[in-house]
Amino acid sequence: MSDRHTYPAGVPCWVDTLQADPAAARDFYERVLGWRFTGDDDYAVARLHGADVAGVGARPDGAPAAAWLTHVRVDEVGAAARRAEELGATVVVEPLDASPAGRLAAVQDPTGAVACLWEARWREGAERVNEPGAWSMSMLQTPDPEAAARFYGDLFGWRTEAFGPATMFRLPGYVGGEPDQPVPHDVVAVMVAGEPAAWAVDFWIADLEAAVAATEAAGGRVVVGPHDQPPAFRSAVLADPEGATFSLSQLMR
């Protein structure tokens with residue numbers, strides 16, 4: 001388990017999902033991940049053991065289907081959005097205030113995946129990570145890993161390193177993760193080749209089989225059933241009732 005109080009620029013810091021029925025989504029994630037919420041249908045913050053861990057908000061009319069979004073910390077969201085455009089991205093949500101928590105924008109990278117830029121004020125990001133019920137890692141699936149590596153390297157300073165069939169994004173100088181993790185402590189995200197282009201989120205769970213059963217009982221579905229994920233996890237890919245996909249991983253050692 002890790003407590004987080006600050007996030008340097010270039011580090012993924014928050015995840016949330018926007019839903020047509022936020023109340024139903026909150027009920028689903030309470031049953032699957034044990035979250036409790038503060039806020040309302042416009043935007044509610046999921047809490048775990050008294051700490052902020054994720055968000056569930058209302059999906060605007062005409063917005064894309066429900067999905068989990070990853071936010072990356074930046075020093076100034078307007079400048080970061082302009083830089084993303086210079087690098088070939090499309091700004092899909094112009095910089096806006098999310099008072100009092102901070103400011104945000106959303107960009108679609110040159111390969112088609114959407115990520116959020118977050119300039120913190122009151123909320124730095126997730127206060128607890130890498131424990132059952134909390135967010136652990138975000139993964140980029142992209143049809144063009146080379147183009148994605150160039151974009152995120154130029155925008156956030158990320159560097160790449162092969163890790164089996166995947167690629168690790170590393171931010172030199174950053175220290176995160178857990179003491180006994182099998183990857184370097186400056187790893188901030190993972191990338192795999194594939195389609196469609198999208199950012200995915202992974203949450204840790206104490207009992208994967210029970211969480212899969214809870215997902216189905218709460219109206220969700222199993223996308224990829226429980227399977228071993230070397231070197232130390234057993235994982236599954238699930239979808240909530242509105243179709244937003246996420247993965248759950250149980251640490252097996």
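No lab work stands behind these numbers, since they all come straight from the coordinates. Note that the structure is predicted; figures quoted are calculated from it, not measured. All Cβ positions, glycine included, derive from the backbone under ideal geometry; neighbour counts span all protein chains shown.
Selection of strands (runs of 3 or more DSSP E) fully inside the range 11-83 by the criterion of at least 3 residues being within 14 Å of ALA134 (Cα to Cα) and out of contact with any Ser or Thr (no Cβ under 6 Å at 6 or more places or on another chain) returns 12-19, 43-48, 51-58. Counting the residues of the range 193-209 that are assigned to a strand (DSSP E or B) and touching a helix residue (DSSP H, G or I) at 6+ places or on another chain (Cβ under 8 Å) gives 2.
Which residue, of GLY225, GLY220, GLY176, GLY243, is touching a residue at least 24 places away in the same chain (Cβ under 8 Å), farther than 27 Å from ASP3 by Cα, of a type outside the set (A, V, I, L, M) and touching a strand residue (DSSP E or B) at 6+ places or on another chain (Cβ under 8 Å)?
Residue meeting the stated conditions: GLY220.
Elements of the type strands (runs of 3 or more DSSP E) sitting completely within the range 96-187 and holding at least 1 residues that are crowded, with 19+ Cβ neighbours inside 10 Å: these cover 102-108, 114-120, 135-142, 166-170.
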